[in-house]
Amino acid sequence: MGKASEDFIAWCESRGCHLAAVELRDAPPPLAISGVGAADVKARGRGVFAKVLIAKGQRVLAVPHSACVGTVGLRCGAGGTETSPLPHGATTAERLAWTLLSLRGNRAWAPYLAALPHVVDSPMAGAWDHGEIAELQVGDAVAAAAISLAKDAKMARTIAAALEAENGAGAPPRTGAGGGGSGGEVLGVAAGTDAGKTNAGEADAVEAHVARTTESESEARDAMAKDWAWALSCVRSRAIELEGRDGSAARQSLLVPFVDMINHVHDDPHVAWSSHASADGGGVVTCEIDQGGEGGESGCPSLDDTGCQPGASHSISSGGGCVELTAERDIAAGEEITITYAADAPSDAFALYMGFLGGHNARDSVQIFVSLRAAAAWYAATFKGVSGEAVVDAGRAQGLADAFTERAETDEAAPRVGWGGGVSGPLMDLFEHLNMQIMPERDAGELATHAVKLRCEEMLLGLRTTAEDDMALLETGRGSDRLKLAVEFRLRKKAILTHMLSMS
């Protein structure tokens with residue numbers, strides 16, 4: 001363990017963290033079979049391990065709220081300020097990222113910031129180039145990365161411009177009164193010299209100043225873009241996001257030191273976390289950690305100035321309370337402690353924002369249409385009469401798709417298939433309805449499944465590499481860590497499509 005980690009642990013303990021039962025050390029590499037799993041080796045880094053036997057139900061560790069970094073409105077040790085260069089409507093992740101970035105140079109928080117990764121090597125963190133992102137191959141993942149990176153770059157420019165305006169960067173140089181050498185020194189040109197030489201000298205000085213200022217501003221914008229990408233990637237890969245009161249849209253977010261060093265598993269984690277409202281443990285609200293970006297599950301009202309959940313009775317004093325981890329099962333001494341960042345979440349957010357996959361995830365799925373309207377158009381274009389004539393009116397089919405979209409949940413609007421033959425319900429409803437119109441004598445559900453399989457086969461044939469190609473590449477062990485992540489990501493998507501084809 002390096003000095004940065006040692007300083008970080010000492011800092012945590014000085015802040016009142018209870019860490020007697022745990023230690024921080026390098027995590028072992030994940031099990032890799034035929035190269036599958038090798039993509040996660042670099043991402044695991046450090047891990048948290050039990051120093052002693054911890055029985056189920058016992059406290060594993062605790063971090064006081066005063067040691068946490070949160071958005072404005074949370075009672076954390078660092079909670080930002082009401083004023084910032086962020087525009088109105090900035091996301092929760094962006095607000096917390098600015099708070100984190102504002103702590104640079106703050107000696108009180110230096111050990112924590114030094115312990116954070118210098119780079120989160122993921123497609124959404126700004127370091128991957130277009131070619132590396134394209135290796136993901138899966139359309140919605142590539143599109144999500146492109147959109148996120150464009151938004152992040154725009155926000156970085158907005159912040160840089162706001163700071164320049166606030167600090168007066170780029171303002172024209174001050175000149176002496178009269179401009180002809182009669183008003184004192186002008187950019188280092190002494191008054192009283194020959195007028196022609198003075199004017200020429202002043203012009204050269206102004207030009208040089210403008211050039212230096214332009215270069216300085218450009219460098220400042222580039223630095224801001226890199227700093228902003230770092231802060232956002234730390235937040236998106238480590239923060240806990242909380243819903244507002246009564247599930248309102250006013251979300252909050254916080255970083256919990258040491259807890260954010262624990263590695264993720266999709267299933268059967270060692271610990272669960274809760275937020276204690278006061279030091280005496282009065283009123284505990286169990287919350288769910290969500291490190292995948294803008295999502296979030298339950299609220300953590302013990303940290304929220306806006307109030308408490310209905311039925312939760314507790315009070316909090318400034319600086320009181322803590323985040324506590326409790327053992328979900330017995331943990332042996334020396335065993336690595338794991339946590340689930342987001343229960344029931346697919347692997348996409350982990351891969352795109354955090355740079356790891358975490359092995360098999362039964363919640364994974366593949367988007368096979370961008371919308372139900374697109375599915376309706378595909379159906380009308382794919383299924384024809386014996387002579388190639390249209391049997392489905394495309395306009396009516398899309399109108400039907402709109403009706404099903406209105407009734408669908410938000411996450412069902414872009415139809416997907418998953419493990420075990422799972423298919424988005426609205427897509428099956430749409431296909432079954434269309435089937436009943438053109439072939440009423442046939443089993444509508446069976447025909448809908450046939451249509452979905454046809455679409456899965458079409459998608460597999462449309463990808464640049466096959467699953468066999470991807471497996472062969474992983475087995476060689478060649479290629480960068482980024483390529484390995486992209487290849488395993490797309491391989492797992494192809495496995496879902498192939499699995500769907502095998503379903504009876």
- Note on the structure: Here the qualifying pairs (Cβ atoms under 9 Å; residues six or more apart or on different chains; first in the range 320-334 and assigned by TED's automatic domain parsing to the domain that holds Cys12; second polar (S, T, N, Q) and crowded, with 21+ Cβ neighbours inside 10 Å) come out as Gly321/Ser275; Gly321/Ser302; Cys322/Ser275; Val323/Ser275; Glu324/Ser275
- Scan of the range 100-140 for residues that are of a type in the set (S, T, N, Q) and buried (at least 19 other Cβ atoms within 10 Å of the Cβ), ordered by number: Ser122, Gln137
- Is it true that some residue in the range 228-241 is touching a helix residue (DSSP H, G or I) at 6+ places or on another chain (Cβ under 7 Å), buried (at least 23 other Cβ atoms within 10 Å of the Cβ) and at pLDDT below 85? yes
- Does the range 374-388 contain at least one residue that is part of a loop (DSSP other than H, G, I, E, B), under 31 Å from the mean Cα position of the chain (by Cα) and either surrounded by 13 or more Cβ atoms within 10 Å (Cβ to Cβ) or among the acidic types (Asp, Glu) (or both)? no
- Out of the residues in the range 21-55 that are of a type in the set (A, V, I, L, M) and assigned to a strand (DSSP E or B), which is nearest to Leu474 (Cα to Cα)? Val36
- Task: Name the one entry in Glu412, Glu446, Glu432, Glu441 that is out of contact with any Phe, Trp or Tyr (no Cβ under 6 Å at 6 or more places or on another chain), of a type outside the set (Lys, Arg), in the same structural domain as Ala377 (by TED's automatic domain parsing) and within 23 Å of Leu136 (Cα to Cα).
- Result: Glu412
- Message: Against the condition at pLDDT 95 or above, not in a loop (DSSP other than H, G, I, E, B) and not acidic (Asp, Glu), how does Val60 come out, does it pass?
- Response: yes
- Item | Complete set of residues in the range 433-444 that are of a type outside the set (S, T, N, Q) and either exposed (fewer than 13 other Cβ atoms within 10 Å of the Cβ) or farther than 20 Å from Arg416 by Cβ (or both) | Met436, Ile438, Met439, Pro440, Glu441, Arg442, Asp443, Ala444
- Item | Options Pro85, Pro173; residue that is farther than 14 Å from Ser233 by Cβ, surrounded by 15 or more Cβ atoms within 10 Å (Cβ to Cβ) and at pLDDT below 95 | Pro85
- Message: So, in the range 17-46, how many residues would count as being in contact with a helix residue (DSSP H, G or I) (Cβ under 6 Å, 6 or more places away or on another chain) and free of Cβ contacts under 8 Å to residues at least 40 places away in the same chain?
- Response: 2
- Message: I need a count of the residues in the range 33-57 that are over 20 Å from Arg238 (Cβ atoms) and touching a Pro at 6+ places or on another chain (Cβ under 9 Å).
- Response: 2
- Message: Within the range 416-429, does at least one residue satisfy the condition of being among the hydroxyl-bearing types (Ser, Thr, Tyr), part of a loop (DSSP other than H, G, I, E, B), over 19 Å from Ala141 (Cβ atoms) and free of Cβ contacts under 8 Å to residues at least 24 places away in the same chain?
- Response: no
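The values are calculated or read from the model by the stated rules, or taken from the named source; none is laboratory data. Remember, predicted model here, so these are calculated numbers, not experimental data. So basically every Cβ, Gly included, is an ideal-geometry build from the backbone, and we count neighbours across all protein chains shown.
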